[in-house]
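Notes follow the structure.
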Amino acid sequence: MKRIEFYRELLVAAPEEAEAILKRWWCEAMLDTAPGGDRLTLASLNGTLPTMDVITAIERRRSAGLPVE
């Protein structure tokens, strides 16, 4: 069913919207396959998902040796 929704949305989108649609559906697919993905989705919808500011996220990536762009 989700596959039909994806194709329907992508086929009616303007070319400049296609990238955003693909990214959103890719994120949804990754959440569907992630352990605890249902918990993350529910927490996000309920507004209880833990968040952090951008500076903290950048510092964590740097300390882990990950790129920051």
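Here is how the numbers come out for the structure above:
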item	result
On Cα atoms only, tilt of 54-63 relative to the major axis of the chain in degrees	70
Charge sum, other residues only, whose C-beta stays under 12 Å from Leu40's C-beta, Lys/Arg counted +1 and Asp/Glu -1	-2
Within the chain: Cβ-based charge dipole about Cα centre, in debye rounded to nearest 20 (Lys, Arg +1; Asp, Glu -1)	240
Angle in degrees between helix 37-46 and the longest Cα principal axis of the chain, rounded to the nearest 10	90
Surface share of carbon and sulfur [accessible, 1.4 angstrom probe, percent] for the range 15-60	64
Whole-angstrom Cα spans of the chain along principal axes, big to small	42, 28, 20
Rounded tilt (10° steps) of 18-33 against the dominant C-alpha axis of the chain	70
Among 49-56, 23-30, the order from most to least packed when residues are scored by Cβ within 10 Å on average	23-30, 49-56
Mean ellipticity per residue at 222 nm, deg cm²/dmol - from DSSP H runs of n ≥ 4 across the chain, formula -39500 (n - 2.57)	-21000 deg cm²/dmol
Where the range 8-69 is the region considered: accessible area per residue in Å², 1.4 Å probe	87
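The values are calculated or read from the model by the stated rules, or taken from the named source; none is laboratory data. Being a predicted model, the structure only gives us computed values, none of them experimental. Virtual Cβ from ideal backbone geometry, glycine too; neighbours counted across all protein chains shown. Each accessible area value is taken on the protein alone, full model and side chains, heavy atoms only, with ligands, DNA and RNA left out. Shrake-Rupley method; radii C 1.70, N 1.55, O 1.52, S 1.80 Å.
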